[in-house]
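A short worksheet on the structure shown next.
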Amino acid sequence: MLGGSTGEAQKQPTAPIPAQTIRFTVPVVETPGIFVIARWVWALVRLLVLLPVRAPVTVALVVSSALILDSGGWVPLAASWTIAVAVLVLWWWRWPHTFCTRVALPALAKWRWLTNYRRHWQPVLVVAGLAESYQERRYLPRIRRVTCTEWADRVRVKIVPGTTPEDFQTRVDALAHGFAAPSCRVHVNGARDVTLEFPRRDTLAEPLDALPVHSPVDLRGVAMGRTEEGDTWRLRLHGTHVLTVGVTGAGKGSVIWSAIRALTPAIGDGSVQVWAIDPKRMELSYGRPLFAHYADSGESAVDLLEQAVARMQERAARYAGKQRTHTPSPTDPFVVVVVDEVAFLTAYHPDRDVRRRAENAIATLTSQGRSVGVCVLAALQDPRKEVMNLRNLFPDKIALRLDEASQVDMVLGEGARERGANAHLIDPYLPGVGFVKLEGSPVPVRVRAAFVTDEDIAAMAAQGLSSGREVER
Ligand SMILES: Nc1ncnc2c1ncn2[C@@H]1O[C@H](COP(=O)(O)OP(=O)(O)OP(=O)(O)O)[C@@H](O)[C@H]1O
Ligand SMILES: [Mg+2]
């Protein structure tokens with residue numbers, strides 16, 4: 001009869017519970033005083049035991065000063081301090097590098113830990129949504145170590161289970177703001193181990209002179225400029241295509257010219273050819289002797305692109321069934337098709353036929369040229385789809401200064417802005433500065449291209465690197 005009784009019960013209207021009968025009582029549990037005192041004693045003992053390990057230099061200074069003061073008084077103490085300071089000054093003067101790495105930077109790291117990261121850690125992480133609450137310290141990521149390089153603070157963090165390194169990568173703006181840094185980047189060391197990098201100054205503020213040219217040329221990473229960390233920024237050209245995007249004056253020219261400059265020895269020995277399209281007639285015309293082919297009008301540019309397609313297809317037919325990769329040589333050179341302001345051909349040219357042919361040719365080169373030794377290196381001002389719907393055919397992209405925040409992800413891929421690629425905030429007075437994604441890492445890296453002056457280009461061209469090369473219009 002269970003079923004019957006249940007049915008009956010269901011039919012019964014439930015009587016509303018009078019409001020005054022609902023009572024919540026929060027039990028007040030008082031911690032016994034003995035436990036509170038035991039906790040304080042434990043914290044004090046722990047502090048005293050750990051202090052010599054955590055701050056050995058400070059402890060040694062305090063203890064030795066106290067001993068000298070106790071045994072000899074103020075005069076020996078002042079003399080000892082004067083000698084200690086003199087030794088440090090001598091060290092700094094004679095061996096500034098070791099002084100910096102052994103004394104100045106570790107001391108700065110302690111200071112930054114104390115006054116910035118330790119102090120603001122919990123509120124910043126809670127507000128950024130990376131820690132649970134003000135009470136629950138168990139759900140607070142733990143600072144493992146703070147170190148300082150010459151230009152940045154590096155905070156190594158043990159993250160709590162349930163959060164991921166990506167959670168930090170998507171909150172870099174909040175972290176940078178919270179710790180009063182211009183930006184923040186997240187390096188993943190392991191599943192629960194990340195390093196947050198907060199720059200203290202802009203290492204890319206000064207323009208970079210044209211880099212020295214090295215031979216033989218490494219086409220898997222030509223030297224373009226410098227990364228924010230002070231390394232050489234290298235750009236792969238063989239086996240990829242590169243699109244550089246930036247507003248007018250962002251420094252696209254310096255990216256193109258840094259790449260061409262790095263290629264000059266290979267242009268000289270014939271293992272690399274640069275085919276240049278220069279609709280503005282300003283950017284590339286200076287280096288015409290370096291180019292195997294040159295075009296500056298819509299029609300000639302399309303002819304050049306279609307010639308490159310024909311060259312590529314002839315090569316593909318020759319390689320079919322025999323070889324799968326291209327090795328640059330004077331008989332089969334690596335072809336770099338440089339297109340300045342590619343939207344002139346794909347969107348702005350008044351002749352519809354020119355636009356259609358240019359788009360077809362660029363699409364064919366970028367989709368099939370990689371393995372047969374053809375690379376397209378293009379520059380563009382406006383990355384929107386209606387202007388350039390081929391941008392996804394370029395595996396590598398460089399975002400120089402952009403107009404709008406929404407354009408960052410258009411250029412560098414989804415999530416790039418959240419990971420700190422604030423290309424729309426690049427200072428207009430820093431041309432050549434931009435963000436790139438280096439191979440194997442989703443974290444965008446801030447870089448600056450070297451500035452190749454007109455004199456550098458004239459010198460490169462005057463070296464006769466392309467003597468005997470055909471120049472077309
Ligand atoms: N890497 C750099 N370092 C320092 N200054 C630079 C750098 N690149 C460019 N500049 C300066 O900025 C100016 C504009 O650069 P550039 O002509 O390369 O911009 P752009 O992006 O090609 O602009 P546009 O789309 O109008 O052609 C240059 O004349 C030069 O003075
Ligand atoms: Mg330009």
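Modelled with pLDDT under 90, closer than 23 Å to G249 by Cα and either away from ligand 1 (no atom under 16 Å from the Cβ) or of a type outside the set (V, I, T) (or both): is that true of K397 in this structure? In short, no. For the stretch 336-374, the candidate set comprises residues that are of a type in the set (G, A, S) and outside any loop (DSSP other than H, G, I, E, B); within that set, the residue that is nearest to ligand 2 (Cβ to nearest atom) is A343. Among the residues of the stretch 40-88, those identified as of a type in the set (G, A, S) and part of a helix (DSSP H, G or I) are A43, A60, S64, S65, A66, S71, G72, A78, A79, S80, A84, A86. Every condition in (1) on the phi > 0 side of the Ramachandran plot; (2) more than 16 Å from ligand 1 (Cβ to nearest atom) is met by P333 except one, and the failing one is (1). Inspect all residues belonging to the stretch 323-338 and state whether any of them is in contact with a Ser or Thr (Cβ under 8 Å, 6 or more places away or on another chain) and closer than 11 Å to I277 by Cα. No, because not a single residue in the stretch 323-338 is in contact with a Ser or Thr (Cβ under 8 Å, 6 or more places away or on another chain) and closer than 11 Å to I277 by Cα.
Just so you know, in the stretch 324-335 the residues that are farther than 15 Å from A308 by Cβ and surrounded by 12 or more Cβ atoms within 10 Å (Cβ to Cβ) include one that is nearest to ligand 2 (Cβ to nearest atom), and it is P328. Restricting attention to the stretch 356-371, the residues that are polar (S, T, N, Q) and farther than 15 Å from V336 by Cα total 1. Could you say whether any residue in the stretch 241-252 is assigned to a helix (DSSP H, G or I) and within 16 Å of ligand 2 (Cβ to nearest atom)? There is at least one residue in the stretch 241-252 that is assigned to a helix (DSSP H, G or I) and within 16 Å of ligand 2 (Cβ to nearest atom).
Residue pairs whose Cβ atoms lie under 8 Å apart, separated by 6 or more positions or on different chains, with the first residue in the stretch 198-209 and in a loop (DSSP other than H, G, I, E, B) and the second among the acidic types (D, E) and modelled with pLDDT of 90 or more, are R200/D153.
The residues of the stretch 219-240 that are outside any loop (DSSP other than H, G, I, E, B), among the aliphatic types (A, V, I, L, M) and away from ligand 1 (no atom under 11 Å from the Cβ), listed by number, are V222, A223, L235. Candidates are the residues of the stretch 394-404 that are crowded, with 18+ Cβ neighbours inside 10 Å and outside any strand (DSSP E or B); the one that is farthest from the chain's Cα centre (by Cα) is F394. Number of residues in the stretch 235-249 that are within 17 Å of the chain's Cα centre (by Cα) and either crowded, with 18+ Cβ neighbours inside 10 Å or acidic (D, E) (or both): the value is 6. Of the residues F435, F451, the single one that is of a type in the set (F, W, Y) and buried (at least 24 other Cβ atoms within 10 Å of the Cβ) is F435. The condition of being touching a helix residue (DSSP H, G or I) at 6+ places or on another chain (Cβ under 8 Å), closer than 25 Å to T115 by Cα and away from ligand 1 (no atom under 16 Å from the Cβ) holds for only one of V160, V172, V272, that being V160.
Checking the stretch 299-320 against the condition returns a match, with at least one residue being more than 16 Å from S371 (Cβ to Cβ), part of a helix (DSSP H, G or I) and within 16 Å of ligand 2 (Cβ to nearest atom). From the list R226, R200, the lone residue that is among the charged types (D, E, K, R) and either within 16 Å of ligand 2 (Cβ to nearest atom) or more than 30 Å from L365 (Cα to Cα) (or both) is R200.
So for the stretch 297-314 (the condition being of a type outside the set (D, E) and farther than 21 Å from R356 by Cα), does at least one residue qualify? Taking every residue of the stretch 297-314 in turn, none turns out to be of a type outside the set (D, E) and farther than 21 Å from R356 by Cα.
The values are calculated or read from the model by the stated rules, or taken from the named source; none is laboratory data. Just so you know, these numbers come straight off a predicted model, no measurement behind them. Cβ atoms come from the backbone with ideal geometry, glycine included; neighbour counts cover every protein chain shown.
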